[in-house]
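J.: Attaching a single structure in structure tokens format; questions to follow.
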């Protein structure tokens, strides 16, 4: 059986003569430059993993050569001679933070086979596997000699970027997600095609982790547990807590990272105050909130999971608010006040809206909480997205399909607009003895952005409507990073910030 026609592999010293031939052909416009045998031997001894080639029928037809550098020592105003250590590669260091591309060559007869793309993809994979910040390279602009009499290098760059001019090197690099940091002068003496100018290019490694941890590292895959809660009569507060612990215990067996409870899941306790009017009854219910917060904090430690404790009424400074608690598994907790009150919450309960929009750090990345009505206001989610939130949690309660689908559709929109996951959890069932909370409708779910890496309907998982159950699903946070940088559509990056923006006003209270 014959060997592969095209093969991507690491370069070997025995490949020298076919590599030399490629170099002479590729650089024919500037004199056919090539590395010496000693140069190649030295490079392979220093960093064999960084030297990649493509062969056709056993002969090298393309290659990509690299070194690792400490970029702070190199700086941005460097020449090719300086970055290669006067061509000795003495600047290479295993403790560096950047993969520096010193060469990419494709034999002219093989330039219609997209071999350069294969080399760039392999180099990106190497950068990711070595946990380096980025790939940096000085890029020639060989077509500039045809425009140098009428365009400055910067003007030439802009025309290439707008696709009004094609440059065989720069156009390719821009198409491969490199961006130009600056223009270098005198980068490669003798490069008459580029008039000795070059573009300083960079590709960011979105998976780079500074001070990589061996334990307690930030998770890339996060497991959610969502509770679709059945409203039922509870004899007392203790039986409610038993039901809470039942769900936390059950979900913790699946090693979930977050548990999401719905809004007002403890509303059955309102039956104890049914003789009161609605505003007094909800204030009596608020008396349980601090106890529930303490219980959830204890459970988060005991069951080693982060808990979003629904959304609960609270009485503070002679005002009624609605609050969601994040109880972390390390014992700390934080809170998000519901910003917008519904017309019925204001009318019947005298509920007030909060004033702070928070972004929470967790051991599973940054999250936000948008209780119920808040998910229907896109400005809040956009502010959180600008703070790099990866998951939005929405505890809600809704009485009808109309109300539910308003929350659902808005949650799906927020996931797409802000390139994040959105999890919603609601209550189901009836409470005949509780005024204003007598019927519920819900279908809890987890929504995703809409791109090729995600489900075609942008729904990762969803519960059976109006049935008590739990929902468990895994979220791949790396998919969000890929979407931000390489997505088919980039909702966050493509915003017209020159036309509009969203900002927070100072709190007047």
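Okay, residues lined up against (1) under 33 Å from the mean Cα position of the chain (by Cα); (2) at pLDDT below 95; (3) closer than 24 Å to residue 106 by Cβ:
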position: 158; (1), (2), (3): yes, yes, no
position: 178; (1), (2), (3): yes, yes, yes
position: 182; (1), (2), (3): yes, yes, no
position: 187; (1), (2), (3): no, yes, yes
position: 205; (1), (2), (3): yes, yes, yes
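Yes or no, residue by residue, for (1) at pLDDT 90 or above; (2) in a loop (DSSP other than H, G, I, E, B):
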| position | (1), (2) |
| --- | --- |
| 270 | no, no |
| 276 | no, yes |
| 279 | no, no |
| 284 | yes, no |
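J.: For the range 315-331, how many residues meet the condition of being at pLDDT 95 or above and in a loop (DSSP other than H, G, I, E, B)?
T.: Residues in the range 315-331 being at pLDDT 95 or above and in a loop (DSSP other than H, G, I, E, B): 1 in total.
J.: Now for a separate question. Does the range 111-130 include one or more residues that are closer than 18 Å to residue 49 by Cα, in the same structural domain as residue 10 (by TED's automatic domain parsing) and assigned to a loop (DSSP other than H, G, I, E, B)?
T.: Within the range 111-130, one or more residues are closer than 18 Å to residue 49 by Cα, in the same structural domain as residue 10 (by TED's automatic domain parsing) and assigned to a loop (DSSP other than H, G, I, E, B).
J.: Can you pull out every residue in the range 311-356 that is more than 15 Å from residue 292 (Cα to Cα) and without any contact (Cβ under 8 Å) to a residue 12 or more places away in the chain?
T.: Across the range 311-356, the qualifying residues are 316, 317, 318, 343, 346, 347.
J.: Residues 340, 266: which one is buried (at least 21 other Cβ atoms within 10 Å of the Cβ) and touching a helix residue (DSSP H, G or I) at 6+ places or on another chain (Cβ under 8 Å)?
T.: 266
J.: Would you confirm, using the coordinates I've provided, whether residue 61 is in the same structural domain as residue 190 (by TED's automatic domain parsing), crowded, with 20+ Cβ neighbours inside 10 Å and over 34 Å from the mean Cα position of the chain (by Cα)?
T.: When the stated conditions are applied, residue 61 passes them.
J.: Just give me the residues in the range 132-147 being in contact with a strand residue (DSSP E or B) (Cβ under 7 Å, 6 or more places away or on another chain) and closer than 11 Å to residue 193 by Cβ, in sequence order.
T.: 140, 141, 144
J.: Among the residues of the range 300-314, are any surrounded by 19 or more Cβ atoms within 10 Å (Cβ to Cβ), closer than 21 Å to residue 429 by Cα, in the same structural domain as residue 365 (by TED's automatic domain parsing) and more than 34 Å from the chain's Cα centre (by Cα)?
T.: no
J.: Here's something else I'd like to know. What are the pairs with Cβ atoms under 8 angstrom where one residue, in the range 468-489, is over 26 Å from residue 261 (Cα atoms) and the other, located anywhere, is not in a loop (DSSP other than H, G, I, E, B)? Sequence gap at least six, or different chains.
T.: 485/204
J.: Given 226, 244, which one is assigned to a helix (DSSP H, G or I) and within 37 Å of the chain's Cα centre (by Cα)?
T.: Being assigned to a helix (DSSP H, G or I) and within 37 Å of the chain's Cα centre (by Cα) holds for just one of 226, 244, which is 244.
J.: While we're here: Might you check whether a residue that is out of contact with any helix residue (DSSP H, G or I) (no Cβ under 9 Å at 6 or more places or on another chain), under 28 Å from residue 192 (Cα atoms) and not in a strand (DSSP E or B) occurs anywhere in the range 55-72?
T.: So far as the range 55-72 goes, yes, one or more of its residues are out of contact with any helix residue (DSSP H, G or I) (no Cβ under 9 Å at 6 or more places or on another chain), under 28 Å from residue 192 (Cα atoms) and not in a strand (DSSP E or B).
J.: Which members of the range 102-129 meet the condition of being without any contact (Cβ under 8 Å) to a residue 40 or more places away in the chain and surrounded by 17 or more Cβ atoms within 10 Å (Cβ to Cβ)?
T.: Once the filter is applied, which keeps residues that are without any contact (Cβ under 8 Å) to a residue 40 or more places away in the chain and surrounded by 17 or more Cβ atoms within 10 Å (Cβ to Cβ), the range 102-129 yields only 102.
J.: Restricting the search to the range 163-176, which residues are surrounded by fewer than 13 Cβ atoms within 10 Å (Cβ to Cβ) and touching a residue at least 12 places away in the same chain (Cβ under 8 Å)?
T.: Selection gives 166 alone.
J.: Further, regarding this structure: Applying the selection to the range 363-388, what residues are in a loop (DSSP other than H, G, I, E, B) and surrounded by fewer than 24 Cβ atoms within 10 Å (Cβ to Cβ)?
T.: 364, 377, 387, 388
The values are calculated or read from the model by the stated rules, or taken from the named source; none is laboratory data. A quick note: this is a predicted structure, and the numbers were derived from the prediction, not measured. Here the Cβ is made from the backbone with ideal geometry for all residues, glycine too, and neighbour counts use every protein chain on show.
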